[in-house]
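Just below is one structure, and these are the notes that go with it.
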Amino acid sequence: MTAVVYAGEVLPTVPAGGALSTDAPDTLAGLLAGWLVWLRGRRLSRNTLIAYRADVAGWVAYCEVHGVDPVRASKRDVTGWQAVTVEVPSPHTGRPPLAATVTRRYAALRSWWDYLVDQDVIAGVPMPSGRGPRVEADSHTVFLSTSEARALEARLQVESLHDQVVILLLLHGGLRGAELGALDVGHVVVEQGATVAKVVGKGRRRRDVPLSAAAVAAVDAYLIARARAVGLDHPGDLPAGAVLCERPGGRRHDSSSLGRLVRRVAHGAGIESWRRLSAHSLRHTCATAMRDAGVPLDDVQAILGHASITTTQRYERGRGALRRKVAAVAMLEAALAA
């Protein structure tokens with residue numbers, strides 16, 4: 001995690017475990033450490049804490065450049081930051097951030113000032129009245145067509161057992177990258193005759209995700225190979241707390257490593273859009289394929305673990321957006337040719 005320095009102070013990061021130091025509560029670093037502890041008490045996931053910390057670090061960096069006190073800012077100061085966070089292109093993509101990202105930044109900064117008010121550091125929250133930008137209705141994640149998904153599955157025949165498991169859990173199970181990375185061997189169980197993955201999703205909400213027959217076969221073969229590699233006779237002898245899909249050294253996957261894996265396999269499958277794919281692309285493909293197959297929207301919501309069906313509906317609108325546009329162009333061509 002990148003270190004951030006303000007006025008000579010190194011700002012705290014989010015440790016994987018253990019306590020944050022709040023020994024100097026009157027310093028900016030101390031206040032930020034206290035804020036992170038306060039957020040932990042609200043049962044936010046570590047990924048959310050990391051994102052919020054990065055968002056508020058962005059605010060602190062803005063204040064450093066513009067000579068603003070990041071604790072005692074005015075509404076005018078925040079308005080200036082809003083203009084920057086909405087319009088300035090991302091250094092990674094060269095494009096402005098998505099509305100959902102900007103909305104999260106607003107929420108992070110709001111929580112920062114809520115904490116300062118709660119601690120009697122400031123009297124009120126300096127956020128301007130009104131809401132942040134509306135999240136766009138359609139999802140812009142690149143996802144695979146049915147034929148591309150089939151090509152990806154066919155490619156798995158020449159990929160490692162590990163890669164087969166990863167792709168099938170994402171494509172057939174619709175798991176988030178962080179959810180897959182957090183799975184242990186003991187999280188795959190048989191209940192009521194079905195093999196399911198015990199997943200902990202956003203907001204620490206738990207759900208059971210049924211595995212497809214192909215995913216079950218891949219997981220079984222992979223765990224048998226893992227057990228034999230360490231001299232065990234049966235995969236059931238593997239420690240329940242062992243990482244399910246482990247990287248070299250037993251490390252867990254993150255969104256970056258999963259994205260690289262997805263792109264590599266997609267490239268091998270001859271998928272033209274492979275450079276633009278991510279782990280989330282396969283989650284989106286899973287949702288789209290289920291809806292195309294006639295799966296009810298609320299069942300898709302349950303499998304994906306969305307707290308609100310509105311989020312699932314964004315996938316639904318994204319699924320039909322291109323088709324509607326193609327139909328509109330065809331109608332235009334027909335009208336012009338008449």
Worksheet, complete the sentence: Conditions (1) in contact with a Phe, Trp or Tyr (Cβ under 7 Å, 6 or more places away or on another chain); (2) open to solvent by less than 10 Å² (accessible area, probe 1.4 Å) -> Arg283 fails only (1)
Response to the item:
Of the residues in the range 262-278, those that are open to solvent by less than 10 Å² (accessible area, probe 1.4 Å) and part of a helix (DSSP H, G or I) come to Val262, Val265, Ala266
Worksheet entry | Residue check, Val117 aliphatic (A, V, I, L, M), in a helix (DSSP H, G or I) and at pLDDT 85 or above | yes
Discussion item. Considering only residues that are part of a helix (DSSP H, G or I) and either farther than 15 Å from Gly181 by Cα or modelled with pLDDT of 95 or more (or both), which ones fall in the range 232-255?
Written reply: Pro235, Gly236, Asp237
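Residue-wise test of (1) under 16 Å from Ala302 (Cβ atoms); (2) touching a strand residue (DSSP E or B) at 6+ places or on another chain (Cβ under 6 Å).
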site: Ala151; (1), (2): no, no
site: Leu170; (1), (2): no, no
site: Leu180; (1), (2): no, no
site: Val200; (1), (2): yes, yes
site: Arg205; (1), (2): yes, no
site: Leu211; (1), (2): yes, yes
Discussion item. Out of Arg176, Arg247, Arg264, I need the residue that is among the charged types (D, E, K, R) and farther than 30 Å from Arg43 by Cβ. Which one?
Written reply: Arg264
Worksheet item: For the range 190-205, does any single residue satisfy the condition of being touching a Lys or Arg at 6+ places or on another chain (Cβ under 7 Å) and either buried (at least 17 other Cβ atoms within 10 Å of the Cβ) or within 27 Å of His267 (Cα to Cα) (or both)?
Response: yes
Worksheet item: Looking at His306, His267, His280, which is the one that is within 21 Å of Arg204 (Cα to Cα) and at pLDDT 90 or above?
Response: His280
Item to complete: Of all residues in the range 189-231, count the ones that are more than 28 Å from Thr48 (Cβ to Cβ) and part of a strand (DSSP E or B).
Response: 4
Worksheet item: Considering the range 62-87 alone, what residues qualify as being assigned to a helix (DSSP H, G or I), free of Cβ contacts under 8 Å to residues at least 40 places away in the same chain and open to solvent by 20 Å² or more (accessible area, probe 1.4 Å)?
Response: Tyr62, Val65, His66, Arg76, Gly80, Ala83, Val84, Glu87
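The values are calculated or read from the model by the stated rules, or taken from the named source; none is laboratory data. Please read all numbers here as calculations on a predicted model, not as lab measurements. In this analysis, Cβ positions are derived from the backbone assuming ideal geometry, glycine residues included, and neighbour counts consider all displayed protein chains. Protein only, heavy atoms only, side chains kept; ligands, DNA and RNA dropped before computing areas. Shrake-Rupley method; radii C 1.70, N 1.55, O 1.52, S 1.80 Å.
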